[in-house]
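See below for the structure under consideration.
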Amino acid sequence: MNSYKHIVCCHECDELVSIHNPSQNGRFICPECGSLLFRHKVGMIEKMYALSLSALILFAVTNYFPFLSFEVTNNVAQANFFTSVIYLSKDGEYLLALAILMTTIVVPLLRIVLFLMLFIPLYHKHIPSYSVHILKMLQHSTPWGMLDVFLIGILVSIVKLVKMGHIIAGTSVWAFVVLVFVMAYMQITYNPHHIWDLIDRNKDVR
């Protein structure tokens, strides 16, 4: 591979840093303030392709099967994310219903679809024309990716509800736990700098 130079602006001190071979494995640090510019792992595209497909399957399982079954005096109630949003809306908790809808369904699905739209072509050695728009949408949607926070809220709720009745964890619970870890690993693995660099080099070739 030919050596090439990559210019990165530090997010902390705005220093322009010249980096040789940014596609090599490792962490890249700003020489001025010591902040992490970005990290790159070899095989990132292949890993993101596999992780995105796995996340899509886990998301489908999470939202299809019952999440929890709550039994009180021989009465059993089942719920998943969609029914939870409906129940909250009926009770007038519109803001909470909207928050759950956005953070557990809309944004995670959007990010998974965006990752697939980006990494399926890249996996097949093709840079899609919409790559720039996908990268910007992924950046703007990052603050809404709060599945881990929602998981903590679920665990706290289970601890409180277990005193009131019998709780049965459904298939969706285990799929959701795995999905949280998969999407967390995706966030660690994802390196937008590498994609921007591929786009720039593709323009230079043209």
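The values are calculated or read from the model by the stated rules, or taken from the named source; none is laboratory data. What you are looking at is a predicted structure, and each value in this text was computed from that prediction instead of being measured. No Cβ is skipped: glycine too gets one built from the backbone with ideal geometry, and neighbour counts run over all protein chains shown.
Here are some notes:
- Any helices (runs of 4 or more DSSP H) falling wholly within segment 34-106 and containing at least 1 residues that are at pLDDT below 80 and of a type in the set (A, V, I, L, M, F, W, C): 81-90, 94-101
- Across segment 138-155, a minimum of one residue is classified as outside the structural domain of Ile7 (by TED's automatic domain parsing), touching a Lys or Arg at 6+ places or on another chain (Cβ under 9 Å), modelled with pLDDT of 80 or more and not hydroxyl-bearing (Ser, Thr, Tyr).
- Residues (closer than 30 Å to His133 by Cβ and without any contact (Cβ under 8 Å) to a residue 24 or more places away in the chain) located in segment 96-112: Ala97, Leu98, Ala99, Leu101, Val106
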